[in-house]
Amino acid sequence: MSLPQGFLDELRARVGLAALIGRRVRLQRKGREHSGLCPFHNEKTPSFTVNEAKGFYHCFGCGAHGDAFSFVMQTEGLSFQDAVERLAGEAGMEVPKPTLEAKAAAARQASLLEVVEAACQVFERALRSSDGAEARNYLERRGLSGRTVARFRLGFAPDRRGFLVETLRAEGIKPQQLVEAGLAKQDEDGSRLREYFFGRIVFPIADRRGRIVAFGGRRMGEGGPKYLNSPDGPLFHKGELLYNLKAAQEGLRDAKQRLLMVEGYMDVIALAQAGFDAAVAPLGTAMTETQLALAWRLVDEPLICLDGDEAGRRAASRLIERALPQLDPGKSLDIAFLPEGEDPDSLLRSGGPAALKARLEASLPLAELVWQEALGPIPPATPERWAALKAKLLGLANGIGNASVQESYRAFLMDRYYVARRPQRSFSKQAHRGAFQGREEQAPDHKKPDLEGQRRRQERECLAILLNHPAFASLHLEELANLEFQVTELERFKASVIDCLATGPELDSAALRRQLTSLGYAALLDQVLSSAVYALCAAARPGASEEQVERMLETVLADFAKARAVEAIREAETQVAEDLSEETLASLEAAKRDYEAAERRLLALAIP
């Protein structure tokens, strides 16, 4: 619901941002601000800053930014409304009343939550009763202790039609409430009310706040689907929740725990009993985009466990399709494949926690999985198939929404592609004694690059392109005019070239050189139009193809744009250090975007 801005401002002021964040982050005061290690990514040097006066936090490492509400939402996995209610309770403030419609909906939801909670207690009692003897034996055979059963509030729905309806009716719950809560359905002719769960072990499903909102049921005998979930309704949408989410969030307070995403309820429960307290599972469906987003609100890199068989590989392909478009800087996945025929529950029973830990430690980063799935078990054997693989890899990278991550994936995948395609050669010292002359092979001596000399060469190459191909230069006059050469004499020369082309766009190369000679640039023309320049830049030659010239000119412009962005980032970082504000941060982010745009332009030009 919409809340008054004045209320939100007052709540922010009462909470105190530094005090709120200080519960999770050890902050040190530095002048008007506080700093500490960022809670949203792993770092050894503090880059996380809290500006109490201006009411925001910012991490210069991962870019996390927000206020008190967003901090609670990100660290505790709450919605905005839930975050406001929690902070308001701590501050002793009452959240403004909602509209009549919203108030009625909230009351209805509260009523349904009471119905579902009552049903959960009925199922728990049934498991402890004589009706639940077979279910208790089954859980014992699966290795679950009584303490674990109680911790997850497991229950049993007896194989007696009408059991839940009659039991809850005695507690004053009406049949229509059971239908709305997803516990029963009406026959098509309206003559009878039928429960969804009977003859099944029942797994309560909690929402992000830990409230029971639905159930999953597992049959023990033959007939019907193995697992059955509550239908979607006012309280529950199976694609928008994760089983055990609230408890896993609590488990993550232990720094040694990782968020594990597994397939089923029994996997989660078995993991918790074995000491893996931060495990979650989808609710009878493949992992959805919403469920991945929920996991990323808790940790940067959840670890997903998949079966090592063909079904697990198909699940991996679906996971790639869902995950890539949502990737953000610092947000990714690790994937662990279990032995064929095993799931976390069975692996724990057969090999214990050590066997599972070994598999988890051998997990693959998402980027590596993307490469392996695209490459397949056998590398391409023909140029056409290599070309198809390249197109597939670029298509996968282009599907990533975040430009920075997309660029990084494109570079990673193309690196792997060219390494895989490169012939593998082995050199024998005996076979090549003449070449090596019996010496040990040594790594090449990479000297520190001469950046100043490189810039000077680049400026001469740019001028050579303009002089030998003025028609192409005329298409980019404005961009060329904005370039800033570091060599003063070359900067003046470039300005004169631009002036000549601006006033005489029809000039060819010979006419342009004659006009510049008349202006006193004969000596510089000899320096620029030299064999040394042509040797380093084929596109600068008079006979270069149009494609070469256009590509090189685009590259030169992108190089200069990147250099300007680097300078802008340095200036903006200095300004931020002197005065941390929304304006200086905006300038820094704009400079970073310019840098990323130049990098993307250069990368695109480098890929044929």
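Assorted remarks:
- Residue-wise HN-Hα couplings along segment 203-212, as the Karplus relation 6.51 cos²θ - 1.76 cosθ + 1.60 with θ = phi - 60° gives them from phi, are 10, x, 10, 9, 7, 5, 9, x, 8, 5 Hz; Gly and Pro carry x.
- Remark: for residue pairs LYS44/LYS592; LYS185/LYS226; LYS174/LYS246; LYS238/LYS331; LYS226/LYS392; LYS174/LYS238, the C-alpha separation exceeds 28 Å in LYS174/LYS246; LYS226/LYS392.
- Expected 222 nm ellipticity per residue - DSSP helices of 4 or more, -39500 (n - 2.57), all of the chain, to 500: -17000 deg cm²/dmol
- DSSP beta bridge pairing in the chain, given as percent antiparallel to the nearest 5: 80
- Distances between placed amide hydrogens fall under 5 Å for ILE304 paired with MET261, ASP334, ILE335, ALA336, all partners being 5 or more residues away or on another chain.
- Probing with 1.4 Å while keeping every protein chain in the model, the per residue accessible area of the chain equals 52 Å².
- Fraction of accessible area attributable to carbon and sulfur, the chain (%, probe 1.4 Å): 50
- Cysteines (scope the chain) whose Cβ has no counterpart Cys Cβ under 4.7 Å: CYS62, CYS120, CYS305, CYS462, CYS500, CYS537
- Under Karplus coefficients 6.51, -1.76 and 1.60, residue-wise ³J(HN,Hα) of segment 64-69 in Hz, glycine/proline x: 4, 7, x, 10, 4, 5
- Checking (1) 238; (2) 266; (3) 197 against the coordinates, the calculated volume of the Cα convex hull per residue in Å³ falls under label (2).
- Solvent-accessible ranking of GLU384, GLU554, GLU85, GLU222, largest area first, probe 1.4 Å: GLU222, GLU384, GLU85, GLU554
The values are calculated or read from the model by the stated rules, or taken from the named source; none is laboratory data. Keep in mind that what you see is a predicted model, and the values were worked out from it rather than measured. A quick note on method: Cβ atoms are made from the backbone with ideal geometry, for glycine too, and the neighbour counts reach across all protein chains shown. Side chains included, ligands, DNA and RNA excluded: accessible areas come from the protein's heavy atoms. Shrake-Rupley method; radii C 1.70, N 1.55, O 1.52, S 1.80 Å.
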